[in-house]
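So the structure is just underneath, and the comments pick up after that.
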Amino acid sequence: MRIVSGIQPTGNLHLGNYLGAIRNWVRMQDEVAASGGLSLYFLADLHALSQPHVPAELAANCREMVAALLACGIDPDKSVLFNQAQVPQHAELQWLLSGTARMGWLSRMTQWKDKSGKKGDSQSVALFTYPVLQAADVLLYQATHVPVGDDQKQHLELARDIAQKFNNDFCTEDAPVFTLPEPTIPPEAARIMSLRDGAAKMSKSDPSDMSRINLTDDADAIMQKIKKAKTDPEPLPEDKAGLEGRPEAANLVGIYAAMAGTSVEAVLAEFGGHGFGKFKPALGELLVEKLAPINTRFGELRSDPGALDAILRQGAAKARELAVPTLEATYKALGLLRG
């Protein structure tokens, strides 16, 4: 089993990132390592070029992201942790796959439509073609499984389409170049919503800092944000069906269940019939208890940028070694002469 997944280094990781992806990365890392497989986790800094960015901030965000991932439990001795920019094979393979990808496939990508809106002609080429880079990210390492959320399923389907077409066009049936990766949807993946709007995902791009719990928030900030989180006047129901039509209540109960490692039903069995005046302090205390060690470790790690850079260099060296055979096989299949 070989798992590959990436995250953009945009800085300011929040509870949604942790519960929706990073915590599951840690769990999968341990399971895959125990079974003799390999997990590769990378900072998608090349993808960041698809949008306007400040170079100095990108570099700082990469280091901050590494510190956060390590603080959450990613172990460089069990996983390969690196940033794309130090593994040029990602960009090379993207170009080689651009001859196989089709304009129609890319123009139908939901995220392209959402991000470009009515100004597609003014967007960067990188924004249009970055799903091909995403395909290269996983195909380069012969990934067998890719953890995906609902918003990334289409991108993995594209990667499979590109891999299948390439294998059909340039390879024999018994010697394909690319493995077709399977999606893996972690059973504990949590969809965490904004504390100010239960219909919107928790996001670092939300202008209101009160909409999210940042992994850098201290105990006072966490308690204050939970106290001011939007709710409704009704007490919590005693069963899950009672959360229908109550997005803010459902979100807070879901956060409690995810952090406590229990079910929504169990949370409601304890707090059903009680108002948010009792539930919110309990939720805040749980978050403080679980996030405090991460916060402390994060602060220690980001104070030593040299050590973080060394971890990325070591991971990139491993990634480059793993990437070379696939890239060479791709050149050969395309009939490109290599010295």
Members of the range 179-201 that are assigned to a strand (DSSP E or B), at pLDDT 90 or above and either farther than 11 Å from Ala250 by Cα or under 13 Å from the mean Cα position of the chain (by Cα) (or both): Glu182, Pro183, Lys201
Residue in the range 116-124 that is closer than 27 Å to Leu334 by Cβ, surrounded by fewer than 18 Cβ atoms within 10 Å (Cβ to Cβ) and touching a residue at least 40 places away in the same chain (Cβ under 8 Å) present: yes
Condition met for Gln134 (under 15 Å from Ala44 (Cβ atoms) and surrounded by fewer than 16 Cβ atoms within 10 Å (Cβ to Cβ)): no
Close pairs from the range 81-93: first surrounded by 20 or more Cβ atoms within 10 Å (Cβ to Cβ), partner among the aromatic types (Phe, Trp, Tyr) and assigned to a strand (DSSP E or B), Cβ under 6 Å, at least 6 apart: Leu81/Tyr41; Phe82/Phe42; Gln84/Phe42
Hits in the range 281-294 (condition: crowded, with 19+ Cβ neighbours inside 10 Å and not aliphatic (A, V, I, L, M)): Gly284
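Could you identify the single residue in Leu312, Leu291, Leu308 that is in a helix (DSSP H, G or I), within 27 Å of Gly11 (Cα to Cα) and not assigned by TED's automatic domain parsing to the domain that holds Thr100?
After applying the criteria, what remains is Leu291.
Residue by residue through the range 156-167, note down the ones that are surrounded by fewer than 21 Cβ atoms within 10 Å (Cβ to Cβ) and within 15 Å of Ile185 (Cβ to Cβ).
Matches in the range 156-167: Glu157 only.
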Condition met for Ala126 (closer than 25 Å to Ala21 by Cα and in contact with a strand residue (DSSP E or B) (Cβ under 8 Å, 6 or more places away or on another chain)): no
Some residue of the range 226-249 being at pLDDT 95 or above and within 23 Å of the chain's Cα centre (by Cα): no
Residue match in the range 243-259 (condition: surrounded by 14 or more Cβ atoms within 10 Å (Cβ to Cβ), touching a Leu at 6+ places or on another chain (Cβ under 6 Å) and either farther than 20 Å from Arg212 by Cβ or assigned by TED's automatic domain parsing to the domain that holds Gly73 (or both)): no
Selected residue (criterion: surrounded by the most Cβ atoms within 10 Å (Cβ to Cβ)) from residues of the range 168-183 that are touching a residue at least 12 places away in the same chain (Cβ under 8 Å) and acidic (Asp, Glu): Glu182
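Please go through the range 271-284 and pick out each residue that is in a helix (DSSP H, G or I) and either outside the structural domain of Ala249 (by TED's automatic domain parsing) or in contact (Cβ under 8 Å) with a residue 24 or more places away in the chain (or both). Please lay out each step first, then the result.
The initial filter retains those residues of the range 271-284 that are in a helix (DSSP H, G or I), namely 271, 276-284.
Those that are in a helix (DSSP H, G or I) and either outside the structural domain of Ala249 (by TED's automatic domain parsing) or in contact (Cβ under 8 Å) with a residue 24 or more places away in the chain (or both): Phe271, Phe276, Phe279, Lys280, Pro281, Ala282, Leu283, Gly284.
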Residues that are under 21 Å from Arg2 (Cβ atoms), over 18 Å from the mean Cα position of the chain (by Cα) and not in a helix (DSSP H, G or I), drawn from the range 145-173: Cys171
Residue under evaluation Ala135, criteria (1) of a type in the set (A, V, I, L, M, F, W, C); (2) under 30 Å from Arg27 (Cβ atoms); (3) not in a helix (DSSP H, G or I), criterion not met: (3)
Residue within the range 23-38 that is touching a residue at least 12 places away in the same chain (Cβ under 8 Å), over 16 Å from His145 (Cα atoms) and not small (Gly, Ala, Ser) present: yes
Search result, residues across the range 75-108 that are assigned to a helix (DSSP H, G or I) and either polar (S, T, N, Q) or at positive phi (or both): Gln84, Gln86, Gln89, Gln94, Ser98, Ser107
Subset of the range 218-232 (residues that are closer than 17 Å to Asn251 by Cβ and surrounded by 15 or more Cβ atoms within 10 Å (Cβ to Cβ)): Ile222, Lys225, Ile226, Ala229, Lys230, Thr231
Restricting the range 285-335 to residues that are of a type in the set (A, V, I, L, M) and without any contact (Cβ under 8 Å) to a residue 60 or more places away in the chain, the residue that is nearest to Leu38 (Cα to Cα): Ala317
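Restricting attention to the range 62-80, which residues are more than 17 Å from Tyr18 (Cβ to Cβ) and either in contact (Cβ under 8 Å) with a residue 40 or more places away in the chain or not assigned by TED's automatic domain parsing to the domain that holds Ile311 (or both)?
Initial filter on the range 62-80 (more than 17 Å from Tyr18 (Cβ to Cβ)): 62-63, 76-78, 80.
Of everything in the range 62-80, those that are more than 17 Å from Tyr18 (Cβ to Cβ) and either in contact (Cβ under 8 Å) with a residue 40 or more places away in the chain or not assigned by TED's automatic domain parsing to the domain that holds Ile311 (or both) turn out to be Cys62, Arg63, Pro76, Lys78, Val80.
The values are calculated or read from the model by the stated rules, or taken from the named source; none is laboratory data. As the structure is a prediction and not an experimental result, all values here were calculated from the model. Neighbour counts run over all protein chains shown; Cβ positions are idealised from the backbone, glycine included.
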